[in-house]
Amino acid sequence: MITWNRAYRGAHLSLSQRRWLSKLTLERLATRPVQSYISTSNNPYLNLSLEHYLLQKSSPESTILLLYVNRPSIIIGRNQNPWLEVNLSLLSPAPRAATNSEPELAGSFLGAVDLVRRRSGGGTVFHDEGNVNWTVICSSKTFTRDKHAEMVTRALRSLGVERARVNERHDIVLDQGERGGDVVDGADMHVTPFTRQNAASRPLKVSGSAYKLTRQRALHHGTCLLSSPNLNVIPHYLHSPSKPFMSARGVESVSSPVGNILLENEEFMGAVQKQFAVMYSESRATELQEVGLEWLENETVGKGYDELNSLDWTYLQTPQFNVSNAADALASTDVQFTVRNGTITAGVLRSRNNSAFSQLGEDSVGTRLHEIAAWSTALPRMFTGVDRAECDKLATWLESVLPPSHKTAGHS
């Protein structure tokens with residue numbers, strides 16, 4: 001059974017009280033075998049820092065549940081490329097006019113959207129107020145990739161979502177189509193009465209997972225799409241215009257059709273907490289602890305927060321990639337850059353008319369890609385002896401493919 005403790009409403013506490021309560025909360029990590037937390041903050045930098053701290057500092061044999069909801073934000077995996085995964089031009093706080101190819105954006109611009117590189121692997125996801133995030137941290141000795149996805153699926157089925165199941169990628173999906181005639185084992189979280197091989201309608205993905213494993217601990221976190229108001233615009237945010245022009249190392253996201261489950265956040269959280277208690281608490285009561293901004297008083301949490309919020313972490317952790325306009329049939333000059341750890345290491349311009357070329361100047365080697373504010377001024381400094389009109393054409397193309405960073409400091 002889970003009971004509530006609402007002592008941690010940081011907005012109503014003095015600084016000394018916050019420090020004392022933060023210390024008291026953190027001391028629980030070393031002593032309690034089963035712990036359950038819910039964040040009162042919608043700040044993605046804080047919530048991801050909280051779960052990383054829990055992974056690092058909790059007892060090796062303890063099991064922990066953390067639930068949180070983030071404001072609109074794009075969360076990329078540890079080994080992903082933000083230029084490849086995200087339409088960075090949409091992250092600006094200033095509204096951008098919709099184009100003929102993006103009519104759904106008209107009147108649907110979300111304003112400032114956080115871009116966060118998490119510490120776990122996996123693909124890119126979009127968070128908002130209709131998406132509850134769940135994290136389970138446990139001993140690596142007992143961890144499997146399906147175990148806690150099955151726990152969440154049991155929670156969904158307890159709320160009447162009988163189409164929910166865990167697929168072969170450890171995601172939670174909703175089967176589509178008509179109910180079949182076969183008898184299905186209700187305890188099997190991998191099949192439903194609606195599961196069909198080669199079905200005309202693909203299942204809708206409602207929960208994706210990512211993992212971080214250490215020698216003694218395993219972290220499994222996932223999303224759950226409940227009532228996102230942004231399903232029509234999310235594809236635009238997660239579709240990068242750079243993709244046709246880029247070859248990259250690292251992990252590329254696998255796109256899937258998605259849908260809302262149509263549950264309230266509190267309803268879902270309660271069901272997950274109940275299933276977690278059934279799995280781990282036995283007859284003991286598990287106190288549900290509210291946590292939030294007061295945890296920033298902890299030095300380790302604060303440092304983790306600052307790191308996730310830094311431009312260096314977001315962009316300079318990017319695996320090596322090449323970008324080229326070779327696929328642009330209308331270009332008269334080829335441009336190619338090699339980018340390693342977010343910095344330009346090589347580049348060349350080559351005319352398609354006479355094969356004349358210009359190498360990237362030595363002074364420009366090491367330029368941080370995310371710090372380029374305008375290609376119209378950067379390109380002439382990078383390459384000498386290039387026609388100004390040609391430079392302007394290339395700069396326009398680069399502005400669309402590698403737009404300036406609009407990432408701003410995270411707010412609480």
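The values are calculated or read from the model by the stated rules, or taken from the named source; none is laboratory data. The shown structure was predicted, so the numbers you read here are calculated from the model rather than taken from an experiment. We place every Cβ from the backbone using ideal geometry, glycine too, and count neighbours over all the protein chains shown. These area figures cover heavy atoms from the full protein model, side chains too; ligands, DNA and RNA do not enter into them. Shrake-Rupley method; radii C 1.70, N 1.55, O 1.52, S 1.80 Å.
Residues in region 34-47 that are touching a strand residue (DSSP E or B) at 6+ places or on another chain (Cβ under 7 Å) and closer than 21 Å to G270 by Cα: V34, Q35, S36, Y37, I38, S39, T40, N42, N47. Look through region 284-311, keep the residues that are out of contact with any Pro (no Cβ under 9 Å at 6 or more places or on another chain) and among the hydrophobic types (A, V, I, L, M, F, W, C), and return whichever of them is surrounded by the most Cβ atoms within 10 Å (Cβ to Cβ). This residue is W295. Looking only at region 12-61, filter to residues that are of a type in the set (A, V, I, L, M), part of a helix (DSSP H, G or I) and open to solvent by less than 30 Å² (accessible area, probe 1.4 Å); which one of those is modelled with the lowest pLDDT? Here the answer is L21. Pairing residues of region 385-412 that are under 30 Å from V291 (Cβ atoms) and open to solvent by 80 Å² or more (accessible area, probe 1.4 Å) with residues that are modelled with pLDDT of 90 or more and assigned to a loop (DSSP other than H, G, I, E, B), at Cβ distances under 8 Å and at least 6 apart in sequence or on separate chains, gives H411/N43; S412/S41; S412/N43. Of the helices (runs of 4 or more DSSP H) entirely within region 219-328, those holding at least 1 residues that are under 21 Å from S120 (Cβ atoms) and acidic (D, E) occupy 299-308, 311-316.
Scanning region 62-77 for residues that are within 12 Å of the chain's Cα centre (by Cα), part of a loop (DSSP other than H, G, I, E, B) and either over 20 Å from G302 (Cα atoms) or aliphatic (A, V, I, L, M) (or both) turns up P72, G77. The number of residues in region 259-277 that are open to solvent by 70 Å² or more (accessible area, probe 1.4 Å) and either modelled with pLDDT under 95 or under 12 Å from S36 (Cα atoms) (or both) comes to 1. Residues that are in a loop (DSSP other than H, G, I, E, B), under 21 Å from N81 (Cα atoms) and open to solvent by 40 Å² or more (accessible area, probe 1.4 Å) are absent from region 350-362.
Among the residues of region 210-254, the ones that are open to solvent by 30 Å² or more (accessible area, probe 1.4 Å) and touching a strand residue (DSSP E or B) at 6+ places or on another chain (Cβ under 6 Å) come to 5 in all. Each residue in region 329-343 was checked for being out of contact with any helix residue (DSSP H, G or I) (no Cβ under 6 Å at 6 or more places or on another chain) and part of a strand (DSSP E or B), and 6 of them qualify. For region 375-384, residues that are open to solvent by less than 60 Å² (accessible area, probe 1.4 Å) and in contact with a helix residue (DSSP H, G or I) (Cβ under 7 Å, 6 or more places away or on another chain) total 5. Exactly one residue out of A378, A389, A346, A395 is part of a helix (DSSP H, G or I) and in contact with a Ser or Thr (Cβ under 6 Å, 6 or more places away or on another chain): that is A395.
I want to confirm something. Restricting to region 312-323 and keeping residues that are of a type in the set (S, T, N, Q) and under 17 Å from the mean Cα position of the chain (by Cα), which single residue is most open to solvent (accessible area, probe 1.4 Å)? Top of the filtered list is Q317. Contact annotation: residue pairs with Cβ atoms under 7 Å, 6 or more positions apart or on different chains, pairing a residue in region 233-248 that is at pLDDT 90 or above with a partner that is hydroxyl-bearing (S, T, Y) and assigned to a strand (DSSP E or B), are F245/S324. Residues in region 180-190 include at least one that is of a type in the set (V, I, T) and either assigned to a loop (DSSP other than H, G, I, E, B) or open to solvent by 50 Å² or more (accessible area, probe 1.4 Å) (or both).
Within region 112-166, the residues that satisfy the criterion of being closer than 15 Å to A210 by Cα, open to solvent by less than 30 Å² (accessible area, probe 1.4 Å) and in a strand (DSSP E or B) are V116, R117, F126, H127, V132, N133, W134, T135, V136, I137, C138, V166.
For beta carbons closer than 7 Å, sequence separation of 6+ or different chains, a first residue in region 359-383 that is touching a residue at least 40 places away in the same chain (Cβ under 8 Å) and a second that is assigned to a loop (DSSP other than H, G, I, E, B) and surrounded by 13 or more Cβ atoms within 10 Å (Cβ to Cβ), the qualifying pairs are R368/G342; L369/G342; L369/L402; H370/G342; H370/S405. Condition check for S358 on (1) touching a Phe, Trp or Tyr at 6+ places or on another chain (Cβ under 6 Å); (2) modelled with pLDDT of 95 or more; (3) not basic (K, R): one failure, at (2). Residues in region 191-200 that are at pLDDT 90 or above and open to solvent by 40 Å² or more (accessible area, probe 1.4 Å): V191 alone.
Of all the numbered requirements in (1) touching a residue at least 24 places away in the same chain (Cβ under 8 Å); (2) of a type in the set (V, I, T); (3) closer than 18 Å to P82 by Cα, V335 misses one, and that requirement is (3).
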